[in-house]
Amino acid sequence: MDQTTKKQTEEGLAELYRNVQLAITSIADIMPNLENDELLKDTLMHQYEIYEQFSARAQILARDLEIELKEPNPMKKAMMWSSIKMSTLTDNSRSHIAEMMAQGTVMGITALLRTQRELKGGDERIFKLFEELIKQEEAFEKKWKDLV
């Protein structure tokens, strides 16, 4: 693998990992704001567990490719937390949370598609991981839109 391809591979895997970590953080930030809505809790926990699986797979692949993954920027996480807190403070209904999750999922899909397009060459396992995560995100988006 040449240097350019290696750099693109590192950046691609790092973006996928950041995307998943931000999704995990968002769900963890939303969970304490839920009332007694078991459907919402179950849906969020299921999505959280799937993101955890993708995170683990990205970490294993990074180790195999000798790539160091970094956690998302703490400032970005803090801004997300405050945004979620403010938004759910005024409205923590199922439809509002579903709308927030659908919007976040669309932003994630957009970022993943952009990064995937920029990948050229590189390890086929990264392309496969991108494909699987995008497909899963699209399923999440549909589920959230059904709950709005």
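Candidates 98, 56: the one that is touching a Leu at 6+ places or on another chain (Cβ under 9 Å) and either small (Gly, Ala, Ser) or surrounded by 12 or more Cβ atoms within 10 Å (Cβ to Cβ) (or both) is 98. Residue 86 passes every criterion in (1) more than 26 Å from residue 37 (Cβ to Cβ); (2) of a type in the set (A, V, I, L, M, F, W, C); (3) free of Cβ contacts under 8 Å to residues at least 12 places away in the same chain apart from (1).
When every residue of the stretch 129-137 is checked against the conditions, at least one turns out to be in contact with a helix residue (DSSP H, G or I) (Cβ under 8 Å, 6 or more places away or on another chain), more than 27 Å from residue 3 (Cα to Cα) and modelled with pLDDT of 95 or more. Among the numbered conditions (1) in contact (Cβ under 8 Å) with a residue 60 or more places away in the chain; (2) within 11 Å of the chain's Cα centre (by Cα), the only one that residue 100 does not meet is (2). Would you be able to say whether some residue in the stretch 2-11 is modelled with pLDDT under 95, surrounded by fewer than 17 Cβ atoms within 10 Å (Cβ to Cβ) and within 17 Å of the chain's Cα centre (by Cα)? The answer is yes; a qualifying residue exists.
The values are calculated or read from the model by the stated rules, or taken from the named source; none is laboratory data. None of the values given here were measured: they were computed from a predicted structure. So basically every Cβ, Gly included, is an ideal-geometry build from the backbone, and we count neighbours across all protein chains shown.
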